[in-house]
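Heads up, the thing below is written out as structure tokens.
Since every read-out is calculated from the coordinates, none of them should be taken as a lab result. These numbers come from a predicted model, not from an experiment. No Cβ is skipped: glycine too gets one built from the backbone with ideal geometry, and neighbour counts run over all protein chains shown.
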Amino acid sequence: MFERNVLVDVFSESGQSAQALPKLISTYQIEQGVVVTVVDIHPDILEQLKDLPFPILWLDKDTPLPIKNLYRTPETLGYDRIAAVVGAYDRFPEKDILVIDAGTAITYDFLDAKGRYHGGNISPGVYMRIKALNQYTSRLPLINPDGELLPMGKDTETAIRSGVMKGIEYEIQGYMMSMRHKYPELLFFLTGGDGFSFDSKLKNSIFVDRFLVIKGLNRILNDNNDRI
């Protein structure tokens, strides 16, 4: 929920229903909304969205954006990725930016100072790496990522956890250092459900924003008022 550009509230619930919608409608005077999804929407939710008493923008590959999308296959680009990039651009519109979104997968997306989105890379996230070690080996257990984290594991559980978490840490730092050589003024945005804290010489250029995606969606929605 936004009031113009100010984030007012955030709600979350199961992807199988939209039980919060009636309460939202009765609590707030909503003027418009935006829908973005990377999975198929449940038929019950589709019906609820059709009956909403305000216009909806359905984000797709043809939706005008405040940035130039240079991705070769925009129809395959995750809308959450492009929304995160727009959210970062909205804050720093004339800066080179690398957006790192740590969720189910870890994505790295680059936007230059001229507002051109060049694309990015996709890497396995924490749970995906832990599950892969369990499923593709005969004896490694499935561990909880939360727990003791050591520089070097002292048993199988801490070895897996430290290997996965430190591997991701070094991966992120590697992207940062490598891209900074080419773009000396590059800024970094960290977002997503899996937060990482690590020492970095680039800390003064790192911005952490859990809500970068929805802030980007709000910018896209406001830019498309005349299309809904």
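For this structure, a couple of remarks:
- Likely footprinting exposure, I97, I228, fewest C-beta neighbours within 10 Å first: I228, I97
- Mean projected area of the Cα convex hull of the chain, taken over all directions, amounts to 14.8 nm².
- Taking other C-beta atoms within 10 angstrom as a stand-in for reagent exposure, H181, H118 fall in the order H181, H118, fewest first.
- Take the convex hull of the alpha carbons in the range 25-99; its mean projected area over all directions comes to 6.7 nm².
- Dipole size of the range 42-93 about its Cα centre, with +1 on Lys/Arg Cβ and -1 on Asp/Glu Cβ: approximately 380 debye, rounded to the nearest 20.
- Using θ = phi - 60° and Karplus 6.51 cos²θ - 1.76 cosθ + 1.60, couplings along the range 81-94 (whole Hz; Gly, Pro as x): 5, 5, 5, 5, 5, 5, x, 5, 4, 4, 7, 10, x, 10
- The range 2-227, relative contact order [Cα under 8 Å, separation at least 6], %: 21
- GNM top mover of Y117, Y170, Y28 - the chain, alpha-carbon springs below 10 Å: Y28
- 3J(HN,Hα) couplings calculated from phi for the range 54-62 with the Karplus curve 6.51 cos²θ - 1.76 cosθ + 1.60 (θ = phi - 60°) are, in sequence order, 8, x, 10, 9, 9, 5, 9, 5, 9 Hz; Gly and Pro show x.
- Under the Debye formula (equal points on every Cα, no solvent term), log10 I(q)/I(0) of the range 108-228 at q = 0.15, 0.22 Å⁻¹: -0.85, -1.32
- On Cα atoms only, tilt of 126-135 relative to the major axis of the chain in degrees: 50
- Each residue in F207, F110, F189, F11 was given a count of other beta-carbon atoms within 10 angstrom of its own, and listing them fewest first yields F11, F207, F110, F189.
- Under 5 Å between amide hydrogens, built in the peptide plane, is the criterion, and for T63 it picks out nothing among residues at least 5 positions away or on other chains.
- Highest mean first, the peptides 120-132, 58-70, 81-93 sorted by other C-beta atoms within 10 Å per residue fall in the order 81-93, 120-132, 58-70.
- Mean Cα-pair separation over length for the range 129-179, i.e. relative contact order, pairs under 8 Å, 6 or more apart, %: 26
- 222 nm mean residue ellipticity, helices alone, for the chain (DSSP H n ≥ 4; -39,500 (n - 2.57); rounded to 500): -11000 deg cm²/dmol
- Rounded to two decimals, the Cα radius of gyration of the range 80-163 over 2.2 N^0.38 Å is 1.46.
- About its Cα centre, the chain has a charge dipole of approximately 740 debye under the convention of +1 per Lys or Arg Cβ and -1 per Asp or Glu Cβ, with nothing else charged.
- Using θ = phi - 60° and Karplus 6.51 cos²θ - 1.76 cosθ + 1.60, couplings along the range 43-50 (whole Hz; Gly, Pro as x): x, 5, 5, 4, 5, 5, 5, 5
- Between I106 and S123, G125, the built amide H atoms are under 5 Å apart, and every one of these is 5 or more places off in sequence or on another chain.
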